[in-house]
Ligand SMILES: C[S@@+](CC[C@H](N)C(=O)[O-])C[C@H]1O[C@@H](n2cnc3c(N)ncnc32)[C@H](O)[C@@H]1O
């Protein structure tokens, strides 16, 4: 039974739909004018290219008709971004109605940290334009994990599913591009977006809460072995437009291209070389040790890039790896640890990843955003670096976890023994008799020691020492 507030996720059948563009629109619709910024993002073309394709080179049209949009769909090189071609006319016509709706209240940047529960699609639209200096995030990956409190979302392309549980990798790529599109207005000139992504194989591997559970399901623990199709959100790979069974889906490079097509500048396609990687039971290919981080900026202003601050940073917060990296150069291969995964979230960042991104791309007092904040690691890194942070997550469970971790880091020295006990109960922690040591019982089998002090305690740890379960640097 799913827990309250959690919806079950559907099985994934990567079967590409066969839909066609219907050009038989009424004259009155074909004559309607649409904002060219939106058209450019939906068609994946720059405004200058659109002007050239409409035989008006050197001009900057603000509006074009739907008739002209239909013509642009025939131009070589068209590539969908977040709306499939067959749905572009109805989406653009619908946008004319949407623009008449009142806007929801603006979400102000907090003085320190604020974590909001909700769908990132809704919350991103409420951020003040240009208010965010640095975005660092890791969205759910396609078809990889079942999270706590998953919830269905209705996307602009019409699909209804929890993020990460799209029926095809193309659906996931569209939804990721849609989030990037919604996010773009909030990014400040000179700001950066760091988007962590991983690829998925088009296999029938059961989708579980974390890599360990997945390996167990695949046979290393005989008593939990079940048939391939007997799992929640099992993938069946037949019916995709071109991907074969067990083939890699190429999701990160395809998202990178679409980010560029909707108007971001792709600064770097960073390889995160993980210092330790989960073993995979595969025989015909190399096991994966890399994930990717897209570094994106907006507009003509070059993004802030504080190499000097990065050079001085300790490795735990994302500074240069003492042996695998040179402090002289920031390259596009980052040697960072993986997270210990013991803070109650199966896909947690190592502190070093948001730490490095935030230090490089922002300054003290700037606002950092993580729209998929999970256990709150980005907020911990932001606070330790003196930045403010706003975070979103769709799960009540993770919002509570993130808030508790931040509260613990921010205010521990102010807590009485009673408050420590209350916090410990909220976080499922156990304190010893003195109230000076808490052990997190995060899952039934994983434990992690968290040093805490009470008011008046002899030693007052520095903020970074309070971060629960900072992983040993490997
Ligand atoms: C990869 S995890 C992020 C983990 C995080 N970096 C950390 O260090 O713990 C992705 C998160 O996205 C959340 N999520 C999924 N769909 C969402 C949505 N539509 N809006 C906001 N959050 C969502 C999940 O609940 C999950 O916590």
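Of the residues 114, 125, only one is more than 15 Å from the chain's Cα centre (by Cα) and more than 13 Å from the ligand (Cβ to nearest atom); which? Of 114, 125, the one residue that is more than 15 Å from the chain's Cα centre (by Cα) and more than 13 Å from the ligand (Cβ to nearest atom) is 114. Given the structure, is residue 107 touching a residue at least 40 places away in the same chain (Cβ under 8 Å), more than 19 Å from the chain's Cα centre (by Cα) and within 16 Å of the ligand (Cβ to nearest atom)? For residue 107, the condition - touching a residue at least 40 places away in the same chain (Cβ under 8 Å), more than 19 Å from the chain's Cα centre (by Cα) and within 16 Å of the ligand (Cβ to nearest atom) - is met.
Number of residues in segment 135-170 that are farther than 22 Å from residue 201 by Cα, modelled with pLDDT of 90 or more, near the ligand (Cβ under 9 Å from one of its atoms) and surrounded by fewer than 23 Cβ atoms within 10 Å (Cβ to Cβ) equals 1.
Residues of segment 262-290 that are modelled with pLDDT of 95 or more and in contact with a helix residue (DSSP H, G or I) (Cβ under 8 Å, 6 or more places away or on another chain): 262, 263, 264, 266, 269, 272. Residue 93 meets all of the listed conditions (1) assigned to a loop (DSSP other than H, G, I, E, B); (2) at pLDDT 95 or above but one, namely (1). The lone criterion from (1) closer than 30 Å to residue 366 by Cα; (2) surrounded by fewer than 19 Cβ atoms within 10 Å (Cβ to Cβ); (3) at pLDDT 95 or above left unmet by residue 106 is number (3).
The values are calculated or read from the model by the stated rules, or taken from the named source; none is laboratory data. As the structure is a prediction and not an experimental result, all values here were calculated from the model. Note that we place each Cβ from the backbone using ideal geometry, even for glycine, and neighbour counts take in every protein chain shown.
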